[in-house]
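Step one of this worksheet: look at the structure below.
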Amino acid sequence: MCNYALGDVKICPKVDPWKLYQNSFPNAIDTSMTPAAIKKLSRSVMDLSSMSEVKGISKSTSNLMTGGMFLKKSKPKSESKTNLIKHSATSSVESLQLDYLYEDLDEDERQERLEEEGRLKRGENLVKSEDDQAKSDGGGPLMDEALGGRKKRQGFKSMSSAAKSAASRLSPKGQRKKKKSTVALMKVFPNELEAQSEYHGFTEWLQTFDLYRGKKGEEEFEDDGRIVGKFKGAIKIYKLPLPKDLDDHTVMGFDPQYGFFQGLPSNDPLHVLVRVYVVKANDLHPMDMNGKADPYLVLQLGSKRVSDKENYVSKQLNPVFGKCFEFEATFPQDSILSVSVLDWDLLGSDDLIGETKIDLENRFYSRHRATCGIAARYDPCGYNQWRDPMKPVQLLTKLCKEGKVDGPHFSAGKVRVGEKTFTLQKDDKDPLWQQASTKMSEEHLALAVLHHWHEIPRVGTKLVPEHVETRALYNPDKPGIEQGKVELWVDLFPMDMPLPGLPLDVSPRKPSPYELRVIIWNTDEVVLEDDAFFSGDKMSDIYVKGWLKGPDDAQQTDVHYRSLTGEGNFNWRFIFPFDYLAAEEKVVISKKESMFSWDETTSKVPARMTLQVWDADHFSKDDFLGAITLDLNRFPRGAKTVKQCSLDMLKTDGSVPMVNLFKQKRCKGWWPLYIKTDNEGLLLQGKVEAELILLASEEAEKSPAGLGREDPNALEKPTRPDSSFMWFLNPIKSIRYIVWHNYKWTIIKVLLWLFTVLFLAMFFYALPGYTVKKIMGA
């Protein structure tokens, strides 16, 4: 038997949970329960033995269900809905009451509800407690408040109804489909970081003044040439003694009675490691004759200049750079960072598209801590690994020390800073919480307080979060006219402190190679466009065309001639190799735009396959009959039979099951072919039976296949009607299947008539001679 201490995480698989339940609560079993209800209740109690987190459990085994406790059903990782049962019981084991039954919400629903309630996105589980002595550490009103009022009460008359409800909640049938797991996101500012109102341009105490030489000119632009330097500092004029009722503080939050420049940093030279992450540029001004540009980056900080000319992006106005540049700067000498975007030219000098300048010194000395953004959550490892050399507890301690604030003081699930106490509710869906040690819990608490640092009296201010800023590019030759935007962020690390880890990898995602094989088996009910030359019957010479990257990449089947019913038989294989970006759900195409292009141009298109049915004509242009476009990430499941295939399959109201070929890998069925009309909407033009097979490039190499009906893995030739042929290339078949088939009885009648006429003609021709011979006795 296991004795659980508060906060312990243990598993006892050898204990029979039903016997444990009976021994612990001998008088709590409802005798009116049916065997099925008992079985369901047994299953729900069995989940107790396999739970991964138990909170607030009494040390006594006989009192196992006493106190606030969260039960979590163990389930496969593919299921996301977690049902929680909170049990509350009195100290007497003779009475058990299931007071609360509620569901744990996923992250998206929790965020949506908290936004409705006006809560902040960051630190949504953070609750301030003014009197932490009056509230319980586990399961009381404080925790209810931390849950955001998401408690759903439900009373039960008997254990039978409770077991039924619990079993229904824990049943896989009642579980919703798994949603995509949430990932850590970075905030993207639509403009410059210093342009955000909450950061005051990072000039809350340090301001910049231009130093001019000579006399002032009449025009303002003439003064720009007289600037010989800049002065950074702060000027404050005040009368002494200060009024006693002055309720103002210094820029650093101190008492002004002791001076307005308390706590300011030293102006000694400071060595800083600068990391500049340039993600991409948008809407660049075209510089070439083809209306595009070949942009690349040039960065300059002080006397250091870095050019990335060799990695220019060909023919793009929205290039993705994905570059990280490192500098070692010395403040105040190297304080202005210049990020320029130039256009590469094969001949001649490169042209400046635009540039942006960032004052790093203002950011470094700002109270908003614009050196390294505060992450949304603390991950000690993984793709979202904490990249600041100082952990949240260290950062919070440093801020408290600089602001002369008492704290931080950590206790069980709480942290006190100054006169405020913050409580963080555990997130059962966060794996870090499930494996959290006391030290890691302190890091989570400290991070939550950092997100709410602006609520601390006197010294509180908004801290810069982990972000990407969007900066406008300007060309000095075209002042005031924006030449595009660049998305980037800058990290600053003092070199007199422990240096950070390796830079983040922000290089562009590399697409994965795939091969899509599409087998066109048959068509049916295709509209008949042509009239037979001899018979006048309706017919079509059907073939199917398909592509993935674009019409230039199209492949087509052979022609099924003289289809009189709209049926076509092909057994024809298309093969489309392509590169795919799963994160963007796009197909990456790299090709030269023309034969005179110097290098390839990269573009991205949706992963959509198009199938078209055409009517082949011999002496005129082929006639388009119908088409369908299938998004490989989400397209309707093919019908099993021709009769089940209709335009209803194209509904987007959620009533039609959808298929993701990148997950299912293979799909076969019938799909409708249609055209769009102005009046009738979609008009059915036929149906196609196809099979879609998606393979990774490695799998395709191991299992090769030929185009059409060629080897390897050749498809059988279809069995087509004998009437399916090209008439002017097969005259004998034309006589047999066109003339004879349509004019058989007419030909027989003509032949009989001719035979009769010939017989009569011969009879009357021979009759006189035969008569004379008879008379003459010859």
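The values are calculated or read from the model by the stated rules, or taken from the named source; none is laboratory data. Not measured: the values here are computed from a predicted model. Every residue, glycine as well, gets a Cβ built from its backbone with ideal geometry; the counts of neighbours run over all protein chains shown.
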Any hit, the stretch 302-315, residues being surrounded by fewer than 17 Cβ atoms within 10 Å (Cβ to Cβ), touching a Gly at 6+ places or on another chain (Cβ under 9 Å) and more than 29 Å from residue 205 (Cα to Cα): no
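Condition check ((1) modelled with pLDDT of 85 or more; (2) over 15 Å from residue 361 (Cα atoms)) across all residues:
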| residue | (1), (2) |
| --- | --- |
| 195 | yes, yes |
| 201 | yes, no |
| 204 | no, no |
| 235 | no, yes |
Selection status of residue 542, of a type outside the set (Gly, Ala, Ser), farther than 27 Å from residue 320 by Cα and at pLDDT 95 or above: no
Test result for residue 590, under 21 Å from the mean Cα position of the chain (by Cα) and hydroxyl-bearing (Ser, Thr, Tyr): no
Residues of the stretch 614-644 satisfying the condition of being out of contact with any Leu (no Cβ under 9 Å at 6 or more places or on another chain), more than 21 Å from residue 517 (Cβ to Cβ) and not hydroxyl-bearing (Ser, Thr, Tyr): 616, 617, 618, 619, 621, 622, 623, 624, 642, 643, 644
Any strands (runs of 3 or more DSSP E) falling wholly within the stretch 555-672 and containing at least 2 residues that are under 20 Å from residue 691 (Cα atoms): 568-581, 608-615, 623-631
Identity of the residue in the stretch 206-225, surrounded by 13 or more Cβ atoms within 10 Å (Cβ to Cβ) and at pLDDT 80 or above, that ends up farthest from the chain's Cα centre (by Cα): 212
Within the stretch 673-698, considering residues that are free of Cβ contacts under 8 Å to residues at least 24 places away in the same chain and not in a strand (DSSP E or B), the one surrounded by the most Cβ atoms within 10 Å (Cβ to Cβ): 698
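Return the total of residues in the stretch 334-358 being of a type in the set (A, V, I, L, M) and either within 17 Å of residue 207 (Cα to Cα) or assigned to a loop (DSSP other than H, G, I, E, B) (or both). Full working, then the answer.
Narrowing the stretch 334-358 to residues of a type in the set (A, V, I, L, M): 336-337, 339, 341-342, 346-347, 352-353, 358.
Filter once more, keeping what is either within 17 Å of residue 207 (Cα to Cα) or assigned to a loop (DSSP other than H, G, I, E, B) (or both): 336, 346-347, 358.
So the count comes out to 4.
Tell me the residue from 456, 520 that is modelled with pLDDT of 95 or more, surrounded by 15 or more Cβ atoms within 10 Å (Cβ to Cβ) and not assigned by TED's automatic domain parsing to the domain that holds residue 200, please.
Working: 456 fails: modelled with pLDDT of 95 or more.
So the residue among 456, 520 that is modelled with pLDDT of 95 or more, surrounded by 15 or more Cβ atoms within 10 Å (Cβ to Cβ) and not assigned by TED's automatic domain parsing to the domain that holds residue 200 is 520.
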